[in-house]
Structures are given as structure tokens and as C-alpha cells.
1. Any residue in the stretch 106-117 that is part of a strand (DSSP E or B), touching an Asp or Glu at 6+ places or on another chain (Cβ under 7 Å) and on the phi < 0 side of the Ramachandran plot?
2. Which of the residues spanning the stretch 72-97 are touching a Leu at 6+ places or on another chain (Cβ under 7 Å) and modelled with pLDDT of 90 or more?
3. Can you tell me which residue in the stretch 78-120 is surrounded by the fewest Cβ atoms within 10 Å (Cβ to Cβ), limited to those that are of a type in the set (S, T, N, Q) and in contact (Cβ under 8 Å) with a residue 24 or more places away in the chain?
Amino acid sequence: MGMAMAKSPSTSSRTRPRYGLWLLALIALGLGGAAWAFREPINGYGSIASAYSARVACSCRFVAGRGLDDCAKDKLAGMEAVTLVEDVEAKSVTARFPLVAEATATYREGYGCVLEKWEE
């Protein structure tokens, strides 16, 4: 019988817009708009969360003598995004809330752990 002819892509399928890319762009725009609209509360939460975490982890590490991994368990619920880094020589702990804030607390003999000055 006759051979089946291969179909060539129609012109309309080549010029059809890619709805997936438009959807991703719309979602990114929405997330960016929400982040901009809530930037003040996010910055405030980030500053407080990083300062609190640095102070508590510094006291846990250099006053109580526990390991930093054990001290990370003392973070409050909702502070999972805060990361802790210690500097054993300086006896300090730095807490970072990604892309928003960072705070450092340093152990001082006779005072305990003291937060470094905030710069805005």
C-alpha cells in the first residue's frame, strides 16, 4: 500500500507562545512583589532572629561550654533559617539570616556574651 508521509510541524505550533515560561515569570514577579511589600517586617525579623541567635549560641558555647551543634538546638521555632558560625579564637558566634541580616556576639570576661554594635 502507500507509504505514510511524515507530518511536518505546523506553522501554528512553532509560533505558539510558551505558557510555561510566562507562568514562571508571573510567579517570580509575584514573589518579588510580595518580598518588596513585606521587606520591613522581613528585615526586622531577620535582625532580631540573628541577634537573638548569636547571643544565645555565644552564651551556650563559651559560658556553658557546650558544642555549637548542641547549641543550635536552642533556637526558637521559626528560626530554622538562621545559621551559626563560631570563631573560637575570638570567642564569638555569628548568626546569619540569609540575604537579610547578620549579628555577632562575643564573650567578654566579667560581662558574658555581648552583641557587637549594629550598623545600618
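1. Yes, the conditions are met somewhere in the stretch 106-117.
2. L84, E86, V93, A95
3. So, considering only residues that are of a type in the set (S, T, N, Q) and in contact (Cβ under 8 Å) with a residue 24 or more places away in the chain, the one surrounded by the fewest Cβ atoms within 10 Å (Cβ to Cβ) is T106.
The values are calculated or read from the model by the stated rules, or taken from the named source; none is laboratory data. All figures in this text were calculated on a predicted structure; none of them were measured in a lab. Don't worry about glycine lacking a Cβ; one is built from the backbone with ideal geometry, like all the others, and counts go over all protein chains shown.
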